[in-house]
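Just so it is clear, none of the values below were taken in a lab; they were calculated from the coordinates. All figures in this text were calculated on a predicted structure; none of them were measured in a lab. Every residue, glycine as well, gets a Cβ built from its backbone with ideal geometry; the counts of neighbours run over all protein chains shown.
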Amino acid sequence: MFTDYLMAVECLYFFALLRRKNRGGHQISRAFWAWAFLFSAVASASGGAMHGFAAVLPAEMKLAAWKLTQFAAGLVSFYVTVGTAKAILAPPYHRLVLAFAAVKLLVYWIWTAAHDAFIFVIIDYGSALLLVLALAGYVWWRRRSGNEIDFILGVAISILAAVVQASGFSLHENFNHNDLYHVIQMVALYFFFRGARPLTDRAEPSAPAPATANG
């Protein structure tokens, strides 16, 4: 519960910093990443309620907290996908990604409304991170510089965190694999923030100048 809430506070802090830097909403890509951090905070906080109060919460409240976690995680996947695409892809390609992400979110919500297994959260979030990795990796490979490396590191550390969680490895009986997963994921979130902070939207292509007749 403590590491869940700690991660929620970190995400809220990154949300506030990105919103302040993007005051006026000039960069949609940065705004989308800010929303991703906000819903990460929601998912972490509701997950903390599950971990900390499961023994005393009524079954209906536990189910509601878990559904909130699942639905918020779906919004995280949506916003990291469309935020990255808006910064990297030229129109109309980022619009195609937006449509794909919206359909994926709807399908995910419909499915998780009737299915509670955590694996579906992992599949949805993992697929979003793989798309972020593909986009950022392509741009970084072409110019070998820029904030894309932070996204790549964020995805790599997130994969490490997932492996640790799946392994069941614990440092102590009071610091199990879930706690360790949260701590490692907090490092990944920092790199995602570093990548999102300087984001700017990919510009619309300029219209060709009209031809003029020679007088």
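If you run the Gaussian network model on the chain, springs between alpha carbon atoms under 10 Å, then out of 106, 17, 98 the most flexible one is 106.
Along the axis of the charge dipole computed for the range 1-146 (Cβ charges of +1 for Lys and Arg, -1 for Asp and Glu, origin at the Cα centre), the listed residues 78, 111, 121 are led at the positive end by 78. Put simply, the range 2-196 fits an ellipsoid with semi-axes of 28, 19, 16 Å; these come from the alpha carbon gyration tensor as the roots of five times its eigenvalues, largest first. Charges were assigned to the Cβ only: +1 to each Lys and Arg, -1 to each Asp and Glu. The resulting dipole of the chain about its Cα centre is roughly 880 debye. Counting pairs of alpha carbon atoms under 8 Å apart in space and at least six apart in sequence, what relative contact order in percent does the chain give? With pairs under 8 Å counted, the relative contact order is 24 percent. What is the sum of charges, Lys and Arg at +1 and Asp and Glu at -1, for the other residues whose Cβ falls under 14 Å from the Cβ of residue 77? That sum, taken over residues with Cβ under 14 Å, equals 0. Couplings for the range 95-100, taken from phi via the Karplus curve 6.51 cos²θ - 1.76 cosθ + 1.60 with θ = phi - 60°, read 6, 5, 5, 4, 5, 4 Hz in order; Gly and Pro are left as x.
For the range 76-83, 3J(HN,Hα) computed residue by residue from phi via the Karplus equation (6.51, -1.76, 1.60; θ = phi - 60°) reads 4, 4, 4, 6, 5, 5, 6, x Hz, glycine and proline entered as x. Set the Förster distance to 25 Å, then compute FRET efficiency between residue 127 and residue 183 from the Cβ-Cβ distance, nearest 0.05. The pair residue 127/residue 183 has a calculated efficiency of 0.55. In straight-distance terms, cross-link reach from residue 62 covers every one of the lysines whose alpha-carbon lies under 26 Å from its own, apart from those fewer than eight places away in the same chain; here that gives 104. Amide H to amide H distances under 5 Å link residue 202 with 87, 88, where only residues 5 or more positions off or on other chains count and H is placed in the peptide plane. Across the options 35, 156, 171, the greatest Cα extent toward the positive end of the charge dipole of the range 2-196 (unit charges at beta carbon of Lys, Arg, Asp, Glu) belongs to 35. Stretching residue 156 away from residue 96 to a fully extended chain increases their span by 19.0 nm, per 0.36 nm per residue minus the current alpha-carbon distance.
Our helix-only sum for the chain, with -39,500 (n - 2.57) per DSSP H run of n ≥ 4 divided by its residues, gives a mean residue ellipticity at 222 nm of -26500 deg cm²/dmol. Computed extension length for residue 1-residue 163: 56.3 nm, one decimal, from 0.36 nm per residue of separation with the Cα-Cα distance subtracted. Take the Cα of residue 194, step 7 Å toward its Cβ, do the same at residue 56, and the gap between the two points is 4.0 nm.
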